[in-house]
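Peer 1: Structure below; questions to follow.
The values are calculated or read from the model by the stated rules, or taken from the named source; none is laboratory data. It should be emphasised that the depicted structure is a prediction, and the values quoted were computed from it without experimental measurement. Cβ placement follows ideal geometry from the backbone for every residue including glycine, while neighbour counts extend to all protein chains displayed. All accessible areas refer to the heavy atoms of the entire protein, side chains included, with ligands and DNA or RNA removed. Shrake-Rupley method; radii C 1.70, N 1.55, O 1.52, S 1.80 Å.
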Amino acid sequence: MSTTTDTARLHQRVAAADWTQLAEELDTYGCALTPRLLTPAQCARIAGLYQRDEQFRNTIDMARHRFGSGQYRYFTHDLPEPVAELRAALYPRLLTIARDWAERLGRPAPWPDSLEKWLAMCHEAGQDRSAQILLRYGPGDWNALHRDVFGDMLFPLQVVIGLDAYGTDYTGGEFLLVEQRPRAQSRGTTTVLQQGHGLIFTTRDRPVATKRGWSAGVMRHGVSTVRSGRRHALGLVFHDAT
């Protein structure tokens, strides 16, 4: 259970990140690695929730759906406090970047200042199911390249947080991001997700400068094959699902 002090420290960690640098990396690569946001103890507590059925509305077997191999579970709307607080702390920081991207791409920017108001808009549009996920991979598991677009009400950035120690609890399982480039071969980026650190990445695309102005560079993400151990990750999505 989180305390008021834990919540304050979590917000402080988010605020202390260099958001100018993170925005620049997102512009360049479509992803950016944050400093540590969760302590090892918080990571262990969240990973341990995987066995508590009451915390989740649905479980997905990736092999069954040909998404890869491994499992993930969708939280209910009754999110554990560290998860809910982290999502709330990140939203206003990401909102500035999302609005900037929308302006460059000539797209609407429907997101209000408040996460609660934005989620209410999602629900009014029929997107009323929690999209927050807890992922678990074992040896040989992987996640196919994909985009997390759950409906028309879309927030363009999301965050994944490593819950286990890379190189100690598991090996392999690097985060993959692949950009499809017009009239050129795709570009790939790999990131090791250290315990407690977050990776901000694009939900579907990023602004790319061209001779004719800005265009949308289509991007997909996934996870490379886990070679040993067990890898848990927390996925924070800033829109709800249909």
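Peer 1: Within the stretch 1-26, track down each residue that is open to solvent by less than 50 Å² (accessible area, probe 1.4 Å) and charged (D, E, K, R).
Peer 2: 6
Peer 1: Would you check which residues across the stretch 173-188 are assigned to a loop (DSSP other than H, G, I, E, B) and either under 18 Å from residue 203 (Cα atoms) or under 17 Å from the mean Cα position of the chain (by Cα) (or both) and list them?
Peer 2: The answer is 173, 174, 181, 186.
Peer 1: In the list 234, 145, which residue meets the criterion of being open to solvent by 50 Å² or more (accessible area, probe 1.4 Å) and assigned to a strand (DSSP E or B)?
Peer 2: 145
Peer 1: Considering the stretch 68-106 alone, what residues qualify as being open to solvent by 80 Å² or more (accessible area, probe 1.4 Å) and at pLDDT 95 or above?
Peer 2: Hits for the stretch 68-106 are 77, 78, 93, 96, 99, 103.
Peer 1: Open to solvent by 20 Å² or more (accessible area, probe 1.4 Å) and either under 26 Å from residue 22 (Cα atoms) or in contact with a strand residue (DSSP E or B) (Cβ under 9 Å, 6 or more places away or on another chain) (or both): is that true of residue 120 in this structure?
Peer 2: no
Peer 1: Within the stretch 213-220, is even one residue touching a Gly at 6+ places or on another chain (Cβ under 9 Å), within 30 Å of residue 84 (Cβ to Cβ) and open to solvent by less than 30 Å² (accessible area, probe 1.4 Å)?
Peer 2: Scanning the stretch 213-220, I find at least one residue that is touching a Gly at 6+ places or on another chain (Cβ under 9 Å), within 30 Å of residue 84 (Cβ to Cβ) and open to solvent by less than 30 Å² (accessible area, probe 1.4 Å), so the answer is yes.
Peer 1: Against the definition (modelled with pLDDT of 95 or more and either open to solvent by 20 Å² or more (accessible area, probe 1.4 Å) or in a loop (DSSP other than H, G, I, E, B) (or both)), how does residue 140 come out, yes or no?
Peer 2: Taking the combined requirement at face value, the residue satisfies it.
Peer 1: Which of the residues spanning the stretch 162-183 are open to solvent by less than 50 Å² (accessible area, probe 1.4 Å) and at pLDDT below 95?
Peer 2: The answer is 179, and nothing else.
Peer 1: So, one more: Look at residue 132 and say whether it is at pLDDT 95 or above, farther than 17 Å from residue 22 by Cβ and surrounded by fewer than 22 Cβ atoms within 10 Å (Cβ to Cβ).
Peer 2: Criteria not met by residue 132.
Residue by residue, here is whether (1) within 27 Å of residue 125 (Cβ to Cβ); (2) among the β-branched types (Val, Ile, Thr) holds:
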{"position": "181", "(1), (2)": "no, no"}
{"position": "208", "(1), (2)": "no, yes"}
{"position": "219", "(1), (2)": "yes, no"}
{"position": "236", "(1), (2)": "yes, no"}
{"position": "242", "(1), (2)": "yes, yes"}
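Peer 1: Give the residue, chosen from 189, 210, that is polar (S, T, N, Q) and without any contact (Cβ under 8 Å) to a residue 12 or more places away in the chain.
Peer 2: One residue alone meets the criteria, 210.
Peer 1: Now a separate question. All but one of (1) without any contact (Cβ under 8 Å) to a residue 24 or more places away in the chain; (2) among the aliphatic types (A, V, I, L, M); (3) over 29 Å from residue 106 (Cα atoms) hold for residue 184, so report the exception by its number.
Peer 2: Here residue 184 clears every test but (3).
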